[in-house]
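**Q** Okay, handing you the structure first.
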Amino acid sequence: MPGVTGNEVKIGFVYPDTGVDAEAFSAARAGLEGRIGLANEGGGINGRKIVYEWRNDEMSAEMNRGVVRDLVENVGVVGLVTASVTMTGSASYLAEQRVPVTGMDAEPVWSQYDNMFTFARMSSGAVDTWGRYIQINGGTRALIVIPNNLDSAAAYADRLVRGIQAVGVTHVGTVEYAAATDSPQRIAAMLSASRADVLIGVIDPPALAEILGATRSGGVPLKVTLSAAGYDAALLERFGPELAGTSIMLYFTPLEAGGPAVARYMTAIARYAPQVRFPEQEFAIRSYIQTDMFLSALQAAGRCPTREAIIEALTAMKGYDAGGLIKPIDLGAHDGRPQSCLNFVRVNETGTAFDLAAKELCGNVVPTR
């Protein structure tokens, strides 16, 4: 069986180490290494040590297709854990080869193929939870900023629009922003001209920090700044004052909530990914959970695991909660229904820490237009 020997199981990991807005994913490997470290500390899975090889897909669907083929055909991994937003490049190939995949649901392919599994369903529908959070905090008119030339971000923004409009928040526009060449003052001027009191960022947090600096310098009042990424304590060292007051959506339990599952995760990062100084990093936590999903299925597949057996084990997993890091879900439910209960953290006024702003705020799925 590919990737399985008498002593080892080899899995592949794919994520954007470079590319547009790749900085947000910089700690993704840490979560993988932390969870694998815990598994091997306990004797591996069914007596086999877990090892991995990783590849950089550069946030490119074409590159994703190539590196995935390399891992499957040349390295011979048994399956993949991913932190990629361009799995569209390889999804049909992986389905044909019956390779089990866990990862982040950033594209519709995650609900289209029965070999792909995610804990945070967000790519195939909209929820009004985002709008509810904005309303609770007094926001009424929202401008959305996305990176240029990234289809998954544009699609995500479209779902955000549906979600906020469902509860009466006005969408004043969606604008592309190229951090290397664009002017943050341009976005500040658009906010002012549109009378927006909400800024929603689907961009790299450093780029969002630039824009927020320009809005403050320009005297543009905002009631809510909501970011799709940025739960990373290392960012606060660099951009804390600029990001102060920014709220971030999370699909898992924030570390600030505490508890046994949080403690186990933090122990894993401290022991096996010490290069990450701050465990509060969204994509490290996501990768940790996605690796836990894969290893749980590998355990359930028994002493002689096959790719198909791992897929069957993932499909059969009901009430999966990553040891308490997420709300219980059925991993095999490829029904396309997005997750409607979200957590929110907010950067404090001094930009030095995250505060728990809303735990398990729930809304409704917005019907497809």
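Just so you know, all these numbers are worked out from the coordinates, no wet-lab data involved. Predicted, not measured: the structure shown is a model, and the values here were computed from it. All Cβ positions, glycine included, derive from the backbone under ideal geometry; neighbour counts span all protein chains shown.
**Q** Which order, highest average first, do 292-299, 235-242, 158-165 follow once you tally other Cβ atoms within 10 Å for each residue and take the mean per peptide?
**A** Descending mean neighbour count gives 292-299, 158-165, 235-242.
**Q** Right, here's the next one. Using the charge dipole of segment 62-141 (Lys, Arg: +1 at Cβ; Asp, Glu: -1 at Cβ; taken about the Cα centre), state which of Thr88, Thr140, Val77 has its Cα farthest towards the positive end.
**A** Working it through, the farthest residue towards the positive pole turns out to be Thr140.
**Q** Lysines near Lys10 by alpha-carbon distance under 26 Å, same-chain residues fewer than 8 away left out - which ones?
**A** Of all the lysines, those that pass the test against Lys10 - Cα under 26 Å, at least 8 places apart if same chain - are Lys49, Lys318.
**Q** Here is a follow-up. Under a Cβ-Cβ limit of 4.7 Å, which cysteines in the chain have nobody to pair with?
**A** By the Cβ distance rule, which asks for a partner under 4.7 Å, the isolated cysteines are Cys304.
**Q** Evaluate the charge dipole of the chain about its Cα centre and quote only its size in Debye, nearest 20, assuming +1 on the Cβ of each Lys and Arg and -1 on the Cβ of each Asp and Glu.
**A** 640
**Q** Taking every pair of distinct Cα atoms and averaging 1/r, then inverting, what Kirkwood hydrodynamic radius in Å comes out for segment 260-361?
**A** 15.7
**Q** Now for a different question. May I ask for the angle, rounded to the nearest 10°, between helix 184-194 and the longest principal axis of the chain, with both axes built from Cα atoms and the value confined to 0 to 90°?
**A** Result, in degrees: 60.
**Q** Further question on the same structure: Which label belongs to the value computed from this structure, given these candidates for Cα extents along the principal axes in Å: (i) 75, 53, 46; (ii) 61, 54, 42; (iii) 65, 41, 37?
**A** Label (iii) holds the value from this structure.
**Q** For the chain, what is the mean residue ellipticity at 222 nm derived from helices alone (per DSSP H run of n ≥ 4: -39500 (n - 2.57); sum divided by total residues; nearest 500 deg cm²/dmol)? Please report the intermediate quantities before stating the final value.
**A** Working: 11 runs with 130 residues, N = 369.
Calculated at 222 nm, the ellipticity per residue is -11000 deg cm²/dmol.
**Q** Which one of Thr18, Gly163, Leu199 is farthest out on the positive end of the charge dipole of the chain, using unit charges on Cβ (Lys, Arg +1; Asp, Glu -1) and the Cα centre as origin?
**A** Farthest towards the positive end: Gly163.
**Q** Also, quick follow-up: More than 12 Å apart: what percent of Cα pairs in segment 169-218 qualify?
**A** On the way: 747 of 1225 pairs.
Result: 61 percent of Cα pairs exceed 12 Å.
**Q** Among Gln299, Ala180, Tyr52, whose Cα lies farthest out toward the positive end of the dipole of the chain, if unit charges sit on the beta carbon of Lys, Arg (+1) and Asp, Glu (-1)?
**A** Most positive-ward Cα: Gln299.
**Q** Using a ≥ b ≥ c from the Cα gyration tensor of segment 143-249 (square roots of the eigenvalues), is it rounded, prolate or oblate, where a/c under 1.5 gives rounded and otherwise the larger of a/b and b/c decides, a/b for prolate?
**A** In terms of gyration-tensor shape, rounded.
**Q** Under the rule a/c < 1.5 gives rounded, and otherwise a/b versus b/c splits prolate from oblate, where does segment 123-180 land using the Cα gyration tensor? Walk me through the numbers before you get to the answer.
**A** Values: a/c = 2.60, a/b = 1.54, b/c = 1.69.
Since a/c reaches 1.5 but b/c is at least a/b, the shape of segment 123-180 is classed as oblate.
**Q** I've got another one for you. Which residue fluctuates most in the GNM of the chain (Cα springs below 10 Å): Trp130, Trp110, Trp54?
**A** Trp54
**Q** To continue, here is another question. In a Gaussian network model over the chain where Cα atoms closer than 10 Å are linked, find which of Thr129, Thr225, Thr170 has the largest mean-square fluctuation.
**A** It is Thr170.
**Q** For every other residue with a beta carbon closer than 10 angstrom to the beta carbon of Ala209, add +1 if it is Lys or Arg and -1 if Asp or Glu, then tell me the sum.
**A** Taking every other residue near Ala209 into account, the sum is -2.
**Q** Over the alpha-carbon set of segment 1-125, divide Rg by the Kirkwood Rh and report the Rg/Rh ratio to two decimals.
**A** Ratio of gyration radius to Kirkwood radius for segment 1-125: 0.96.
**Q** Using a Gaussian network model of the chain whose springs link C-alpha atoms within less than 10 Å, name the residue from Gly230, Gly43, Gly31 with the highest mean-square fluctuation.
**A** Gly43
**Q** For helix 233-243, report the angle its Cα long axis makes with the longest principal axis of the Cα atoms of the chain; keep it between 0 and 90° and round to the nearest 10°.
**A** Roughly 10 degrees between the two axes.
**Q** Still on this model: For segment 292-369 and segment 204-244, write down the distance between their C-alpha centroids in whole Å.
**A** Measuring centre to centre over Cα atoms gives 27 Å.
**Q** In addition: Using alpha carbons only, how many degrees (0 to 90, rounded to 10) separate the axis of helix 307-316 from the longest principal axis of the chain?
**A** 60
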